[in-house]
Amino acid sequence: MGFSGIAAAVPSNAAPSNAAAQSSHIAGQIMVKFRDDGAAAGVLRQHGLKVGSGIGSTGAQLIKVPAGKELTLIEALNRNPAVEYAEPDEIATADTDDPFFPRQYALQNDGQSFTNTLSTITVAKGTVDADVDAVEAWSITKGRDTRVAIIDSGVANDHEDISEKVVARINFSDAATGDDKYGHGTHVAGIVAAIAGNGKGVAGVCPECTILDAKVLNDNGSGSTSAIAKGIDWAVNNGARVINMSLGMRVSSRTLEAAVNNAWNRGVVLVAAAGNAGTPAQIYPGAYSNVIAVAATDNNDDKASFSSYGSKWVDIAAPGVNVYSTFPVRPFVLGTQNGRSMGYDIASGTSMASPIVAATAALLWSTQTCPTNADVRAKVLSTTERKPGTETFWANGRVNAFKAVDGSCS
């Protein structure tokens, strides 16, 4: 599974899919940005096309074209001096004292093990310090009302541990409803902000954060670059302090990069999965300079075997193997594919590591010690823990929530 390549959740008992290595685009539409919008209608008319709808704040338009003619028209439009760029709309697919808190080694590693009830996989806690010290961070802040946008497959609308944390929802996918029938977005959201101390399920890294739910992936975990760009813009306009994107593609998009840069320039911290290809090949949006790219570690604080890596573009790491979190309470696609339980279960992938970093950034925002998104990003990256031998995998270390929120912003 991958956002043409998205950093998808992967089964804990199988090698991660490398479907992300192949790139394809949405049939019947392309993205075009004109140097002069006044010339758009005339230029498009020459090719039998009409002016399209805007894509968030990027300045690009989504243009309907005959299916199968996308690349030919892109080539022709890019030859026109009135066109700044024309590009495909790439396909995206998904990259997974509460009773289950002891299973959350990523938050607090106490050396115990547990057996996953459905698949009977034994999940060991590990023998080294591999957690992010979330419990220690909660002695300083739990992230009160800090908004984190989940750009994903939606968040279940009736889950006891996460649904009430969603303060706004929107559906940019081609699915009939905004509910999460795929499962990926609900798992990611729970990692960020599942309610702590309610006697139910799990706890999020930022348990008092709130969620902005931008569904950009449909019920099969597939979406488009343009939908993600719209989701980013919507999140910014709805007060997101942090945007999490547990998705990625091998091909860079100028439209998506524009959306990312616009969000950064408006003070938002952006975080994305580095991908599950197990190679140093760059994944976008994680590789954009204004996004924190997150690799995955395991319960021994080693690089997860599936995690993409590269100290030149991957910024940080976080636990991403057998991460326990929320899933929809009715049948969902990832549950059927991977044999996962409804309600709560494990998933693996850089998709699970990314929201841990996003939640840490949100915790830091809530302390009000860092005045800008650049300050928040810098402190999250500078307070990591480095295990010897991982220097070539990511630029900094594995995230530590307590160190991030403790002390001043300097």
Take the range 365-410 and flag every residue that is in contact with a Lys or Arg (Cβ under 6 Å, 6 or more places away or on another chain) and of a type in the set (D, E, K, R).
-> E385
Search the range 210-239 for residues being among the polar types (S, T, N, Q) and assigned to a helix (DSSP H, G or I), and hand back the single one that is surrounded by the most Cβ atoms within 10 Å (Cβ to Cβ).
-> T225
Of all residues in the range 205-221, which are closer than 30 Å to N400 by Cβ and of a type in the set (S, T, N, Q)?
-> T210
Given the conditions (1) among the hydrophobic types (A, V, I, L, M, F, W, C); (2) in a loop (DSSP other than H, G, I, E, B); (3) within 13 Å of the chain's Cα centre (by Cα), report the number of the one that A281 does not fulfil.
-> (3)
Do we find that D345 is surrounded by 21 or more Cβ atoms within 10 Å (Cβ to Cβ) and charged (D, E, K, R) in this structure?
-> yes
When both residues are 6+ apart or on different chains and their Cβ atoms are under 7 Å apart, which pairs have a first residue that lies in the range 362-374 and is in the same structural domain as G267 (by TED's automatic domain parsing) and under 20 Å from N262 (Cβ atoms), and a second that is surrounded by fewer than 18 Cβ atoms within 10 Å (Cβ to Cβ) and modelled with pLDDT of 95 or more?
-> T372/G267; N373/G267
Out of contact with any strand residue (DSSP E or B) (no Cβ under 9 Å at 6 or more places or on another chain), farther than 21 Å from A347 by Cβ and surrounded by fewer than 24 Cβ atoms within 10 Å (Cβ to Cβ), is that true of N261?
-> yes
How many residues are more than 15 Å from N261 (Cα to Cα) and not polar (S, T, N, Q) when one looks only at the range 234-249?
-> 4
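Filter the range 206-221 for residues that are farther than 13 Å from D152 by Cα and out of contact with any strand residue (DSSP E or B) (no Cβ under 9 Å at 6 or more places or on another chain) and give the result.
Selection gives P207, E208.
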For the range 158-192, what are the residues that are more than 18 Å from the chain's Cα centre (by Cα) and part of a loop (DSSP other than H, G, I, E, B)?
-> D158, H159, E160, D161, D174, A175, A176, T177
Among the listed residues P355, P319, which satisfies the condition of being closer than 28 Å to G389 by Cα, modelled with pLDDT of 95 or more and not basic (K, R)?
-> P355
Could you please give the count of residues in the range 354-410 that are assigned to a helix (DSSP H, G or I), within 21 Å of V323 (Cα to Cα) and not hydrophobic (A, V, I, L, M, F, W, C)?
-> 3
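The values are calculated or read from the model by the stated rules, or taken from the named source; none is laboratory data. Note that this is a predicted model, so its numbers are computed, not measured. Virtual Cβ from ideal backbone geometry, glycine too; neighbours counted across all protein chains shown.
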